[in-house]
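For reference, the structure is listed below as structure tokens.
Every read-out reported here was derived from the displayed coordinates using simple, explicitly stated rules and does not represent laboratory data. Predicted model, so just to flag it, every value in this text is computed and none were measured. Glycine gets a Cβ as well: all are built from the backbone with ideal geometry, and neighbour counts include every protein chain shown.
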Amino acid sequence: MGVAVIKLKNPPVNSLSLEVLTEFVISLEKLENDKTFRGVIVTSDCPGIFSAGLDLTEMCGKSQAHYAEYWRAVQELWLRLYLSNLVLIAAINGVSPAGGCLMSLTCDYRVLADNPKYNMGLNETLLGIVAPSWFKDTLVNTVGHRTAERALQLGLLFPPAEALRVGMVDQVVPEDQVHSTALSVMAQWLAVPDHARQLTKNLMRKPTADRLVKQRDADIQYFLRFISRDSIQKSLRVYLDKLRQKKG
Ligand SMILES: CCCCC/C=C/C(=O)SCCNC(=O)CCNC(=O)[C@H](O)C(C)(C)COP(=O)(O)OP(=O)(O)OC[C@H]1O[C@@H](n2cnc3c(N)ncnc32)[C@H](O)[C@@H]1OP(=O)(O)O
């Protein structure tokens, strides 16, 4: 039925490095242009981890030019996913904090494996950073304003049952059924004529995407100012050190 599978593979934690973002955009573009494909299942090849989100090492101790290039790539992937003409289904087979969660929220449907370790949410505040307005918009459009406000301020990571309850995911299924469920949901979505579904998706999502499109450069400048602050760099270094020391 013309369904591709994009399996994220950037061990150990599928962090979204500049290279991963760039390759993801290229793969999506190829699939969009190949009319034999109508749907994509986005999943992970790293056991227990859907994606650890944005690659913190790309945002720490680098040059302004690098930050600008990285942020443009983050914007680009979000825009491509959010406005994709393809049916996108996230088969979430692991934990998905921050950017990992955002990636799944851009999809049309989310199936999450029922494992209490597989938390998901926008936890930026716990790192001492702030989810940008378009991350916030994507969450609000999925779970509603009140749930998003609480989740964003507290940096909540929801276990599967809670993620389902607040509408962050559409289905929670046993781990070994995530892929087959994604495939059967895909069949349902593909039963709708493409042109009608695509126009409707556009109607729902374009106003949100346009807000970023209209001010992409300003958004990059804002990110540069924010990420270059000494206090923010310090927060990121402390967080990364904590992650690294977990093993020791
Ligand atoms: C205006 C600014 C807005 C910016 C918006 C930001 C969005 C984001 O996405 S920020 C990233 C948020 N992500 C997280 O908070 C997740 C952090 N990671 C974890 O919680 C855990 O690593 C895990 C639950 C995803 C996996 O745990 P585990 O299997 O125990 O693996 P380790 O913690 O031991 O990690 C292995 C290895 O990977 C490094 N690492 C983990 N996450 C990231 C990351 N997001 N970016 C870069 N590197 C990451 C970790 O430091 C370990 O490295 P080594 O010690 O060198 O092996």
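Here are some notes:
- Charged-residue dipole, Cβ positions (Lys, Arg, Asp, Glu), the range 142-211 about Cα centre, Debye nearest 20: 400 debye
- Difference of contour (0.36 nm per residue) and Cα-Cα distance, Lys214 to Gln245: 7.0 nm
- Annotation: the antiparallel percentage among DSSP beta bridges lying fully within the chain is about 5.
- Taking the C-alpha atoms only, the angle from helix 194-213 to the longest principal axis of the chain is near 10 degrees.
- Pairwise label distance in nanometres, Gln171 with Ala191, each label 7 Å out on the Cα-Cβ vector: 1.2 nm
- Three-way shape call for the range 103-201 based on the alpha-carbon gyration tensor, with the a/c threshold at 1.5: oblate
- Take each peptide in 95-105, 169-179, 205-215, count the other Cβ atoms within 10 Å of every residue, and average; sorted highest first, the result is 95-105, 169-179, 205-215.
- Charge tally for Arg165 (other residues, Cβ to Cβ under 14 Å; Lys, Arg +1; Asp, Glu -1): 0.
- Principal axis analysis of the Cα atoms in the chain yields extents of 52, 39, 35 Å, listed in decreasing size.
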